[in-house]
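Beneath this line is the structure, given in structure tokens, with notes to follow.
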Amino acid sequence: MDRYFVKTVSKATAINQSYGGETHTYIHGKEEYLMFAETRDPFVARDLMTPYFVKEHGYKRECDAMKAYSYTHPENTEYWRSAAEIIHVQIWNDGNGGQYIKYV
């Protein structure tokens, strides 16, 4: 089973006094559901990239992921510089009832 997500990598600019020089990584699914966040903020940081959440919140088609707000409007301000990309994730079964995700 294939699913697609929007991955955004944001780097704080020198002007950003709170996060200067830090890099944050986010992965969004359908309806901008935050699946993954790598940041020093413990209230935002998360990793929900599990087979269940990937099935429930991933886009079934790449073209739908490309229409997402997080993909079409990455934050490029005086405080942050961001780049967005589409990532492809597959869910596969091991034959013994276990499910795993694989980044393609």
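When the range 88-104 is filtered for residues that are touching a strand residue (DSSP E or B) at 6+ places or on another chain (Cβ under 9 Å) and surrounded by fewer than 16 Cβ atoms within 10 Å (Cβ to Cβ), the ones remaining, listed by number, are HIS88, GLN90, TRP92, ASN93, ASP94, GLN99, TYR100, LYS102, TYR103, VAL104.
Screening GLU85, GLU32, GLU38 for residues that are modelled with pLDDT of 95 or more, of a type outside the set (Ser, Thr, Tyr) and at positive phi leaves exactly one candidate, GLU32. Within the range 47-66, if we keep just the residues that are among the hydroxyl-bearing types (Ser, Thr, Tyr) and not in a loop (DSSP other than H, G, I, E, B), the residue that is farthest from ASP2 (Cα to Cα) turns out to be TYR52. The residue that is farthest from THR77 (Cα to Cα), counting only those in the range 14-38 that are hydrophobic (A, V, I, L, M, F, W, C) and surrounded by fewer than 15 Cβ atoms within 10 Å (Cβ to Cβ), is LEU34. When the residues of the range 73-90 are narrowed to those that are more than 20 Å from ARG3 (Cα to Cα) and of a type in the set (S, T, N, Q), which ends up farthest from the chain's Cα centre (by Cα)? It comes out as THR77. Quick check, is GLU31 outside any strand (DSSP E or B) and out of contact with any Ser or Thr (no Cβ under 8 Å at 6 or more places or on another chain)? Yes; evaluated as a whole, the condition is true for this residue.
Going by the conditions given, is ASP41 surrounded by fewer than 18 Cβ atoms within 10 Å (Cβ to Cβ), among the acidic types (Asp, Glu) and touching a residue at least 40 places away in the same chain (Cβ under 8 Å)? In short, no. Contact annotation: residue pairs with Cβ atoms under 6 Å, 6 or more positions apart or on different chains, pairing a residue in the range 47-65 that is closer than 14 Å to ILE87 by Cβ with a partner that is part of a loop (DSSP other than H, G, I, E, B) and among the aromatic types (Phe, Trp, Tyr), are HIS57/TYR33.
The values are calculated or read from the model by the stated rules, or taken from the named source; none is laboratory data. What you see is a predicted model, and the numbers here were worked out from it, not measured in a lab. All Cβ positions, even for glycine, are placed from backbone atoms using ideal geometry, and neighbour counts span all protein chains on display.
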